[in-house]
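Step one of this worksheet: look at the structure below.
Every number in this text was worked out from the coordinates using simple rules, so none of it is lab data. Just so we're clear, the structure is a prediction, and the values are computed from it rather than from any experiment. For neighbour counting, all protein chains shown are included, and Cβ atoms are generated from backbone atoms with ideal geometry for every residue, glycine included.
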């Protein structure tokens, strides 16, 4: 590794490229970065760059100069991460973001296109308000699903706990998908294209399973 | 001294965070602890009023962070309790004037000086909330026995778990035992059942809390009031004591059995 690349690290992230500039004086870092960019302009062209500058204290003039140099090369600087409050403020003054948006807590990326039929996503509960699970196969939750949480599954959904959030089973149109819970009281329940809300329940609850029967959503006691 | 940093958060506004911060801080200070409260609600500061210190503000949190004064200069000492300090929020700025790393640095500077740092988080889950929890060793989540407040608390607990700030402890504020008995209010059990975290305090509904806040005389100064006692108990639990929860039900066991279905 030559000296230039040791000063800067470039990494692909969700929001574009993360460039870490550390371990040298700012002018040297900028120089190294610009050289690196010019040597691989096709790689950078049209990119969105987030800079991580660590403890560097940067003023508006320094940061805006770099931003302009980047934009001359067709690269947009959109965020600056820093541990220095001065630099953070500078970045804010320039209208740059100072934090990366984190991916949602339990966001699940549906991975393989071809899922075996018995593939299930295992989730340890409770799934709290704001939590969202999206999966192409079946979803099993060990614990409660609170209201404000959402599960979207290509297959069936089983909740070993109280289901109070919004669930959508058979989201890709599978009408044989079912939703089971120890206490079935979802804010809204969808299977394939049908939507239902829980009826007000009286008395003791019992495990139930909801399924589509002749185009109607029905819930009945869950006998295994 | 190495202070413990406690943040009180709720998600929903108006559940009583500021009042609780004031009362818990007062309760700790009456127990000989050195306490600094920080008002994290920049732009909508209130804690100074509830503590009765609003006319003594010279410097604020943003002044410290932007280097216009030393930390010490922004700490307002309470008139009644010499071990209680407040760092007020700026009223003329907004949440973006402070970053989470600023809060961490500020608290680290303060840690050797006091036993407790109590941070009042603003409502919401955005920048102000992130700032308030950044330095926290422990977060107390506050809710009322209402469905909307409980749902917001649930969201906050989820966010805290995601940030590695768990496990949070729960304060249930404004519980009305009579309404719970009639089945018109969620009970402590209902709330705990839903949120599934440890309980650290139950504060009964009490008109005097409002009166005290308006006067700038936190109730915890008065040991006789039930709500004041509840805040004293939270302080004791924070200090590691085992304190049973107040008996807010005046009925006996037999009556209680009758009410249960």
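Observations on the model:
- Taking each DSSP H run with n ≥ 4 as -39500 (n - 2.57) and averaging over every residue of chain B yields -11000 deg cm²/dmol at 222 nm.
- By average C-beta atoms within 10 angstrom, highest first, the peptides B:13-25, A:72-84: B:13-25, A:72-84
- Between helix A:26-39 and chain A: long-axis angle, C-alpha atoms, 0 to 90°, nearest 10: 70 degrees
- Averaged over A:64-74, number of beta-carbon atoms from partner chains that fall within 10 Å: 0
- C-alpha center-to-center spacing [region B:1-69, region A:1-78] in angstrom: 40 Å
- Of B:69, B:37, B:107, the one that fluctuates the most in a GNM where chain B has Cα springs shorter than 10 Å: B:69
- Burial ordering of B:38, B:202, B:87, fewest other beta-carbon atoms within 10 Å first: B:202, B:87, B:38
- Cβ crowding within 10 Å averaged over residues, with A:34-46, A:138-150 ranked highest first: A:138-150, A:34-46
- The Stokes-Einstein estimate for region A:3-93, based on a Kirkwood radius over Cα pairs and taken at 20 °C with 1.002 mPa s viscosity, is a diffusion coefficient of 165 µm²/s.
- Taking the longest Cα principal axis of chain B as reference, the axis of helix B:226-238 is set at about 60 degrees.
- Global geometry of the protein assembly as shown, whether rounded, prolate or oblate, following the gyration tensor of its Cα atoms and the 1.5 cut on a/c: oblate
- With R₀ set to 25 Å, the beta-carbon distance separating residue B:2 from residue B:93 gives a calculated FRET efficiency near 0.25.
- Relative to the longest principal axis of the Cα atoms of chain B, the long axis of helix B:100-110 makes an angle of roughly 80 degrees.
- Projected-area mean, chain B, by convex hull of Cα positions, square nanometres: 13.3 nm²
- DSSP assigns beta bridges within region A:3-93; of those with both partners inside it, close to 40 percent run antiparallel.
- For region B:81-163, the spread of Cα coordinates along the three principal axes comes to 39, 29, 26 Å, biggest extent given first.
- Legend: mean number of C-beta atoms from other chains within 10 angstrom of residue C-beta atoms, peptide A:128-138, equals 4.
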